Amino acid sequence: KLFPYNAETVPFMKTSALSHLLSFGGLALVHGVPCTPASNPDPSNWVFDASPTEHPSCSSSGGGVNDLGSAPVQCEGDLASVYTRLDPATYGAECLSAKASLCKIPMYNFTSLDYDFSIDSCNGVWAAPLWMTPDTWQWDGGSGEIDSLELCPRSSISMNFAGGGSQVELDASTFAIDFTDNAHVTVRKDEEGIVTITTCQQEELQNSQCPPPTYSSCDDCLYNNNGEFACWCNNAGNIYSSGGCTDGTDCLWTLVSDVWNGVSGDAGYTGCMTEVPEIGLAAGKPNMDSKCTVSVERITLRGDNGAPLTFAPGSPSSCSALTANSN
């Protein structure tokens, strides 16, 4: 007889594998294992802000974001992390978000973003575990938005660019929306301003990063990547000619982590809150049975020559938590 599985009844150590396989009596359970949330989180020390707010992409059953009594927190012992868990049975249709609002990333100095991630039981939920948004958002797929991981459509995990560039849906046999444990993402910007996203397993890491993609030009990057990496470029200045870096904009980006399971929103909500027939979920409806849990850990930003990123003037010293693992 298969016993109920939860963190209290079956303690175990996290491994470098993508998912845990627990066998009992010839049967098996597979679960992603997000981090342990901080038991006594101190928002004053955390670089992310998860205060109640509003956002056009998602309105909760109360009308806002982080407004129903639940919000993202950091992982235990890791200031460069975000842990988010949905509980619609308790709180309703939630929109949960954390944003490193004060840590401004100068795109001209940025070279890479790395982090580990785990996802559990998220089928039917629109989420972007960690993404980079330009401070000035315009031009849709030409905005320069970097969705390093996004559950859009909400039945799989993808590497996206708000509809621009060459987006890639990850192989569900390796990176499953209901059980991916301790995998890794590397976002790179090369000297020409071409941006790529790669996802890998821990055992594939090279110098704490996923193996670098191979391409010879923007067109090669966009059209010959064989689904091995996602790419954003435009043969005309690349990320430096995106909506976030032209027309007098400041060319600054910000890290955000979202898990959207609300009742309404903008065009992004319409496009990503897709039908999921296998769980009987209609398009545009929140998954009220979800226990979706997401964590991103050891977030690391690098700048020129792989050195710790220098944030834009005015960014507080606490932002150094996002570069602490860069050496």
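The values are calculated or read from the model by the stated rules, or taken from the named source; none is laboratory data. Quantities reported herein were computed from a predicted structural model and do not represent experimental measurements. As a convention, Cβ positions derive from the backbone with ideal geometry for all residues, glycine included, and neighbour counts pool all protein chains shown. Calculation scope for accessible area: heavy atoms of the full protein, side chains included, ligands and nucleic acids excluded. Shrake-Rupley method; radii C 1.70, N 1.55, O 1.52, S 1.80 Å.
What are the GluC sites (Glu not before Pro) within the stretch 274-304 that DSSP puts in a loop, where the Cβ has at most 16 other Cβ atoms within 10 Å?
Working: sites: Glu275, Glu278, Glu297; in loops: Glu275.
Sparse-neighbourhood loop GluC sites (Glu not before Pro): Glu275.
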Once the Cα gyration tensor of the stretch 282-327 is diagonalised, what are the square roots of 5 times its eigenvalues, in whole Å and ordered largest first, as equivalent ellipsoid semi-axes? 35, 13, 11
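If we count every other residue with Cβ under 11 angstrom of Ser81's Cβ, Lys/Arg +1 and Asp/Glu -1, where does the sum land?
My count for the surroundings of Ser81 gives -3.
Using 0.36 nm per residue of separation minus the Cα-Cα distance, give me the extension gain between Thr249 and Ala283 in nm, one decimal. Please list the in-between numbers first.
On the way: separation 34, 0.36 × 34 = 12.24 nm, distance 3.55 nm.
Stretched out fully, the Thr249 to Ala283 stretch lengthens by 8.7 nm.
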Hits in the stretch 128-170: amide N under 11 Å from the 7 Å Cα→Cβ extension of Glu192, namely none
Label-point separation, Thr90 to Glu203 (7 Å along Cα→Cβ), nm: 3.6
Cα centroid distance between the stretch 174-227 and the stretch 270-326, in Å? 16
Arrange the peptides 200-206, 265-271 so that the one whose residues have, on average, the most other Cβ atoms within 10 Å appears first. 265-271, 200-206
Using modelled amide H (1.01 Å from N, peptide plane; none on Pro or chain starts), what sits under 5 Å from the amide H of Ala127, excluding residues fewer than 5 places away? Leu151, Trp260
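Would you mind giving the three semi-axes, in whole Å and largest first, of the ellipsoid equivalent to the stretch 150-201 according to its Cα gyration tensor? Don't jump to the answer; show the numbers that get you there.
Values: eigenvalues 92, 39, 9 Å².
Square roots of five times the eigenvalues give 21, 14, 7 Å.
For Thr214 and Asn235, what is the calculated FRET efficiency with R₀ set at 25 Å and r taken between the beta-carbons, to the nearest 0.05?
Values: r = 18 Å, r/R0 = 0.74.
Efficiency, rounded to the nearest 0.05: 0.85.
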Could you list which residues have their amide H under 5 Å from that of Gln74, counting only those 5 or more apart in sequence or on another chain, with H placed in the peptide plane? Ala38, Tyr83
Can you give the convex hull volume per residue for the Cα atoms of the stretch 67-194, as a whole number of Å³? 137
Residue-normalised accessible area of the chain, expressed per residue, 1.4 Å probe, Å²: 43
Per DSSP helix of 4 or more residues, -39500 (n - 2.57); summed, then divided by the residues of the chain. What does that give at 222 nm, rounded to the nearest 500? -1000 deg cm²/dmol
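How would Met288, Met107 line up by accessible area, probe 1.4 Å, largest first? Please list the in-between numbers first.
Values: Met288 90, Met107 0 Å².
If we order Met288, Met107 from most to least accessible, we get Met288, Met107.
Where does the chain land on Rg/Rh, using Cα atoms and the Kirkwood Rh? Walk me through the numbers on the way to the answer.
On the way: Rg = 18.9 Å, Rh = 19.9 Å.
Rounded to two decimals, Rg/Rh equals 0.95.
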Across the alpha-carbon set of the stretch 134-268, Rg over Rh with Rh taken as the Kirkwood radius works out to 0.96
Gyration tensor (alpha-carbon) shape descriptor, the stretch 221-299, a/c threshold 1.5: prolate
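With a 10 Å radius around each residue's Cβ, average the other Cβ atoms per peptide and rank 182-194, 162-174, 303-315, highest first. Mind showing how you got there, number by number?
Details: 182-194: 20.5, 162-174: 17.5, 303-315: 15.1.
Descending packing order for the listed peptides: 182-194, 162-174, 303-315.
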Quick one: which residues, 5+ away or cross-chain, put their amide H under 5 Å from the amide H of Cys292? H built at 1.01 Å from N. Leu86
